[in-house]
1. Would region 215-225 turn up any residue that is at pLDDT 90 or above, of a type outside the set (Ser, Thr, Tyr), surrounded by 15 or more Cβ atoms within 10 Å (Cβ to Cβ) and part of a helix (DSSP H, G or I)?
2. Does ALA200 satisfy being surrounded by 16 or more Cβ atoms within 10 Å (Cβ to Cβ), assigned to a helix (DSSP H, G or I) and among the aliphatic types (A, V, I, L, M)?
3. All but one of (1) without any contact (Cβ under 8 Å) to a residue 40 or more places away in the chain; (2) closer than 30 Å to ASP54 by Cα hold for GLN148; which doesn't?
4. So, of the residues in region 51-79 that are outside any helix (DSSP H, G or I), surrounded by fewer than 19 Cβ atoms within 10 Å (Cβ to Cβ) and not β-branched (Val, Ile, Thr), which turns out to be modelled with the highest pLDDT?
5. Answer yes or no: is there a residue in region 202-217 that is among the hydrophobic types (A, V, I, L, M, F, W, C), touching a residue at least 12 places away in the same chain (Cβ under 8 Å) and more than 30 Å from GLU135 (Cβ to Cβ).
6. Considering only residues of region 169-188 that are touching a residue at least 12 places away in the same chain (Cβ under 8 Å) and over 16 Å from LEU211 (Cα atoms), which is surrounded by the fewest Cβ atoms within 10 Å (Cβ to Cβ)?
7. If ARG191 meets every condition in (1) of a type in the set (D, E, K, R); (2) closer than 30 Å to PRO40 by Cα; (3) surrounded by fewer than 17 Cβ atoms within 10 Å (Cβ to Cβ) apart from one, which number is that one?
Amino acid sequence: MSVSERFRTTHWSLIAAARDRDTDEAREALAELCEAYWYPLYAFIRRQGYTMEDARDLTQGFFARLLEKDYLADVDRTKGKFRAFLLACCKNFLANERDRASALKRGGGVAIRSLDCGAAESRYNEDLAHDITPEKLFERRWALVLLQNVLGRMRQEHEQTGKLKLFEQLKPFLAGDGPALQYAQAAEMLRMSTGAVKVAVHRLRGRYRELVHEEIARTVDDPSLVEAEIRDLFAALES
């Protein structure tokens, strides 16, 4: 299962299913949730002043507790934002478990397959350049994870339709309009007219917006929150 497919399972309905009954589907969704969100939470915990080793153990321990349903029993879907729920749970976990952290070392048997502390520290050192609060760092990393998954889905779609080269050439234009020379260079590489490239970029941006909207919609319970969440997402990237 691709990263993008995993991320699409992390919506409220499966969280509720995990709370109500111990199904393989729900537990798999929660395991994939760990994969998608472990680094934003790891960075949040590190910014609280914990060492690399303690942050690793606490991140594993938090997801172990989440999977044990201690927190899921109190889910309030009316609060809307899934990431807000997750961060609040993590704060509660840190407040209650500081004295018991040693008992939760290595996550109580829960393995987060992508938790590579070496790679995490490299990413965290990059994050240190941003003088922001732990909460803002979590928001920033949440935004980056979501957009990475959107790009992953777009790449997969283009690969399945035999248009991967088109996507790779036009992906840089998602960040904004490039100069005429860049359009001309892309047109030459793709053996298309400059006008056709501009049309393709316009369509690519439209699909990008659709997928961002869809990914956000899967993490809130109230559809009316989606636009506000999209604004929050891009605000987090500017911090």
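The values are calculated or read from the model by the stated rules, or taken from the named source; none is laboratory data. Because the structure is a prediction, the values reported are computed rather than measured. With ideal geometry, Cβ positions are generated from the backbone for all residues, glycine too; neighbour counts draw on all protein chains shown.
1. So the first thing to find is which residues in region 215-225 are at pLDDT 90 or above, and the list is none.
Checked against the condition, which is being at pLDDT 90 or above, of a type outside the set (Ser, Thr, Tyr), surrounded by 15 or more Cβ atoms within 10 Å (Cβ to Cβ) and part of a helix (DSSP H, G or I), region 215-225 yields no hits at all.
2. Values: surrounded by 16 or more Cβ atoms within 10 Å (Cβ to Cβ): yes; assigned to a helix (DSSP H, G or I): yes; among the aliphatic types (A, V, I, L, M): yes.
Yes, satisfied.
3. So GLN148 meets the others, but not (1).
4. Narrowing region 51-79 to residues outside any helix (DSSP H, G or I): 51, 68-71, 75-76.
After this cut, where a residue has to be surrounded by fewer than 19 Cβ atoms within 10 Å (Cβ to Cβ) as well, the list is 51, 68-70, 75-76.
Next cut, not β-branched (Val, Ile, Thr) only: 68-70, 76.
Working: GLU68: 70, LYS69: 60, ASP70: 56, ASP76: 61.
Going through the qualifying residues, I end up with GLU68.
5. Yes, region 202-217 contains at least one residue that is among the hydrophobic types (A, V, I, L, M, F, W, C), touching a residue at least 12 places away in the same chain (Cβ under 8 Å) and more than 30 Å from GLU135 (Cβ to Cβ).
6. Here is the first cut: in region 169-188, the ones touching a residue at least 12 places away in the same chain (Cβ under 8 Å) are 169-171, 173-174, 180, 183, 186.
Going one step further and asking which of them are over 16 Å from LEU211 (Cα atoms), we end up with 169-170, 173, 180, 183, 186.
On the way: GLN169: 18, LEU170: 22, PHE173: 19, ALA180: 10, TYR183: 19, ALA186: 21.
By that ranking, first place goes to ALA180.
7. (2)
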